[in-house]
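Read the structure below first, then the notes.
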Amino acid sequence: MTVVRVTAPGRVNLIGDHTDYTGGLVLPMVLEKRTMMEGSPTNDGIVRVSSADEAGTATFPVDVEDLETIEPRWARYVAGMVRELRHLGVPTSGFAAAITTDLPIGAGLSSSAALEIVTGRFVRALVGTDSIDDVTMALAAQRAEHRASGVPCGIMDQLCIAVGRHGTATFIDCADLSTSHVALPDTIEVDVRFVAHRTLAGSEYADRVTDCGEVERLIGPLRLATMADANTLEDDRLRRRARHVVSENQRVRDSVAAIEARDMVEFGRLMTASHRSLATDYETSTPAMDDAVDRLLTEPGVLGARMTGGGFGGCVVAIRRRA
């Protein structure tokens, strides 16, 4: 019997949050922690998946369309990916697989995107095709996320996980999906700390996407906007949302330049400024996240810290001088 075993990492975002769904710039990196899927093909047109880390076993047909009927809910990400690949011409006759992960669930480290990408890699290996490249895989995973969770996420998580390299940050232009890899100096380590569980489904994340859509209706694409454009907005909330996105895109550009110049003090300053912008202009932080960032900034060797991911809980990330 053929046994297929594939993995996909989680991701932490160093800087560039809430910019991807407007075609902006981001700088995430993949983690050592991974999700694994192992299983074998079947010929009965049924998918059977179980998870060692979440409750329940799911069974659904390979021609699944309605994800809302699938329980447990985590399996909707698997089913969504099976559906998207089928629509891309990569069908499976069925499989049975087990999923394990050392990624914390609901911590803002893209466990759902890792599950989508690992499913895509599993199906790709199962049917023996190389017709789905990494960018196509990431776009399919993004669509699967939208259908499975109802959260209108951008492309950052899925694309970083699909193309990322360990030990480097991935600079992504979310407008044209171009990527490049930015090596971090050996003198620096990345410190990720869990603060609080969260889910973006039912959070204010979708409200921020809506706000940005309204901003773009008024001033045009945010990826091309200037601070002067943002300041023309009469509505205070929309002005602050635009101010964050415009300034965050610039912080990503400046961060890449700082890392390439090995100016990690400047990169740390930019990370901290990003957190302040997310907390005040974008209002996606929480008192617990703010406290965690402030505590990190007092620790020896820490150059900068910020919340990471969609917000409303999850993890904070810092860079520090390696001891």
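The values are calculated or read from the model by the stated rules, or taken from the named source; none is laboratory data. Quantities reported herein were computed from a predicted structural model and do not represent experimental measurements. In this analysis, Cβ positions are derived from the backbone assuming ideal geometry, glycine residues included, and neighbour counts consider all displayed protein chains.
The residues on offer are 262, 240, and the sole one that is assigned to a helix (DSSP H, G or I) and either at pLDDT 95 or above or surrounded by fewer than 18 Cβ atoms within 10 Å (Cβ to Cβ) (or both) is 240.
Taken over the range 209-226, the criterion of being out of contact with any Lys or Arg (no Cβ under 7 Å at 6 or more places or on another chain) and either hydroxyl-bearing (Ser, Thr, Tyr) or in a helix (DSSP H, G or I) (or both) is satisfied by 209, 210, 213, 214, 216, 217, 218, 219, 222, 223, 224, 226. For residue 190, the stated conditions hold: it is assigned to a strand (DSSP E or B) and either in the same structural domain as residue 289 (by TED's automatic domain parsing) or in contact with a helix residue (DSSP H, G or I) (Cβ under 7 Å, 6 or more places away or on another chain) (or both). Residue count for the range 7-60, restricted to those that are within 18 Å of residue 91 (Cβ to Cβ) and touching a strand residue (DSSP E or B) at 6+ places or on another chain (Cβ under 9 Å): 12.
Here is a yes/no grid of residues against (1) surrounded by 15 or more Cβ atoms within 10 Å (Cβ to Cβ); (2) of a type in the set (Asp, Glu); (3) in contact with a Leu (Cβ under 9 Å, 6 or more places away or on another chain):
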| residue | (1), (2), (3) |
| --- | --- |
| 155 | yes, no, yes |
| 160 | yes, no, no |
| 168 | yes, no, yes |
| 176 | no, yes, no |
| 179 | yes, no, yes |
| 182 | yes, no, yes |
| 187 | no, no, no |
| 192 | yes, no, yes |
| 196 | yes, no, no |
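The residue that is surrounded by the most Cβ atoms within 10 Å (Cβ to Cβ), counting only those in the range 1-36 that are among the β-branched types (Val, Ile, Thr) and under 14 Å from the mean Cα position of the chain (by Cα), is 26. For the range 112-135, the set of residues classified as small (Gly, Ala, Ser) and closer than 25 Å to residue 178 by Cβ consists of 112, 113, 114, 120, 131, listed by residue number. In the range 198-228, the qualifying residues are those that are touching a Leu at 6+ places or on another chain (Cβ under 9 Å) and at pLDDT 95 or above, and the one that is surrounded by the most Cβ atoms within 10 Å (Cβ to Cβ) is 215.
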